[in-house]
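The values are calculated or read from the model by the stated rules, or taken from the named source; none is laboratory data. Please read all numbers here as calculations on a predicted model, not as lab measurements. Neighbour counts are summed over all protein chains in view; Cβ atoms, including those assigned to glycine, are modelled from backbone coordinates with ideal geometry. Surface accessibility is based on the protein's heavy atoms, side chains included, excluding ligands, DNA and RNA. Shrake-Rupley method; radii C 1.70, N 1.55, O 1.52, S 1.80 Å.
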Amino acid sequence: MTAPIKTGPKRVFLMYHELEIPGRALCQSEPGYLRYVVTRDDFRNQMSFIRSDGWRAVNVSDSFSQPESPAVVITFDDGCETDLLCAAQMLKEAHFGATFYVTVGFLGKPGYMSVSQLRQLSDQGFEIGCHSWTHPYLTDLDLNDPDLKELRHEIGDAKSRLEELTGRKVNHFSCPGGRWDDRAVKVAQESGYLTFATSRTHANTYSTDPFALGRVPVMRGTELKTFAAICRGQGLRQMRLANSARETARNLLGNSTYDRIRGALLNRTGSQN
């Protein structure tokens with residue numbers, strides 16, 4: 001099992017999703033999805049800031065093997081085509097690493113990478129992680145199945161499939177929608193993963209459980225000064241309090257009811273932030 005980060009300051013794991021390229025349709029159009037879509041220009045400016053500030057951007061594996069220097073960890077969820085068409089190019093130009101958590105069942109769908117593109121991304125030296133097979137809420141699965149067959153498919157079978165497609169080990173998992181529980185962690189451990197990334201908003205330190213890694217979402221319209229503070233681990237407490245309130249609401253209402261109410265509110269306000 002990978003050991004937690006042992007030295008150095010707190011290290012922030014940044015969580016991205018799709019990047020917006022002018023004139024290119026997005027994978028989804030719902031306000032709840034758009035909140036997580038960062039424009040190409042904003043992403044370029046964010047990577048430029050990291051580099052100019054004397055930091056590095058690394059993948060999940062390197063965050064554990066190279067803990068001593070100032071760095072942030074770049075992660076992407078879902079496996080959107082812009083991972084290869086946009087993010088990879090900018091990251092290579094900056095000599096940055098990243099981990100791309102791919103949803104197996106999205107491969108080949110409009111807006112998402114094809115199998116060939118996934119292999120290209122892996123062959124370019126970027127780390128491929130797993131984001132499940134079909135992107136379900138893991139907490140909704142196998143509630144009455146002691147064998148946890150659905151969880152094993154979403155976590156274990158998806159890992160095996162990505163390894164088959166890329167020819168490389170897949171050591172890292174991120175949970176879809178930020179929903180996870182002890183059962184999912186257990187299946188991830190049994191499947192051979194070394195880390196399990198959540199959507200809990202906290203930096204990771206030497207004492208962080210590698211199966212409860214925190215990540216900070218980079219939202220649409222994030223100002224550069226706010227991004228700089230996030231990279232330094234500042235202001236995360238306020239974000240964590242807001243996330244805790246949402247998590248409490250999800251637990252009380254259930255995932256489907258919470259999503260329905262949240263979607264209605266976002267559609268009513270037209271919010272993209």
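Odds and ends about this structure:
- Among (1) under 22 Å from A158 (Cβ atoms); (2) in a loop (DSSP other than H, G, I, E, B) - the single one M219 does not satisfy: (1)
- Positions within the stretch 179-202 being within 14 Å of the chain's Cα centre (by Cα), in contact (Cβ under 8 Å) with a residue 40 or more places away in the chain and open to solvent by 10 Å² or more (accessible area, probe 1.4 Å), in sequence order: R179, W180, S199, R200
- Boolean, T208 is closer than 30 Å to S48 by Cα, crowded, with 16+ Cβ neighbours inside 10 Å, at pLDDT 85 or above and over 16 Å from the mean Cα position of the chain (by Cα): yes
- Conditions (1) crowded, with 16+ Cβ neighbours inside 10 Å; (2) under 24 Å from T226 (Cα atoms); (3) modelled with pLDDT of 95 or more; (4) not charged (D, E, K, R): number failed by P31: (3)
- Residue within the stretch 44-57 that is part of a loop (DSSP other than H, G, I, E, B), within 20 Å of F126 (Cβ to Cβ), open to solvent by 20 Å² or more (accessible area, probe 1.4 Å) and modelled with pLDDT of 95 or more present: no
- Residue satisfying all of: in the stretch 58-89; acidic (D, E) and open to solvent by 20 Å² or more (accessible area, probe 1.4 Å); farthest from the chain's Cα centre (by Cα) among these: E68
- Check on D147, out of contact with any helix residue (DSSP H, G or I) (no Cβ under 9 Å at 6 or more places or on another chain), surrounded by fewer than 19 Cβ atoms within 10 Å (Cβ to Cβ) and of a type outside the set (V, I, T): yes
- Residue in the stretch 112-132 that is free of Cβ contacts under 8 Å to residues at least 40 places away in the same chain, touching a His at 6+ places or on another chain (Cβ under 9 Å) and open to solvent by 10 Å² or more (accessible area, probe 1.4 Å) present: no
- If the condition is being within 16 Å of R168 (Cβ to Cβ), touching a Gly at 6+ places or on another chain (Cβ under 6 Å) and not hydroxyl-bearing (S, T, Y), then the stretch 101-146 contributes V102, M113.
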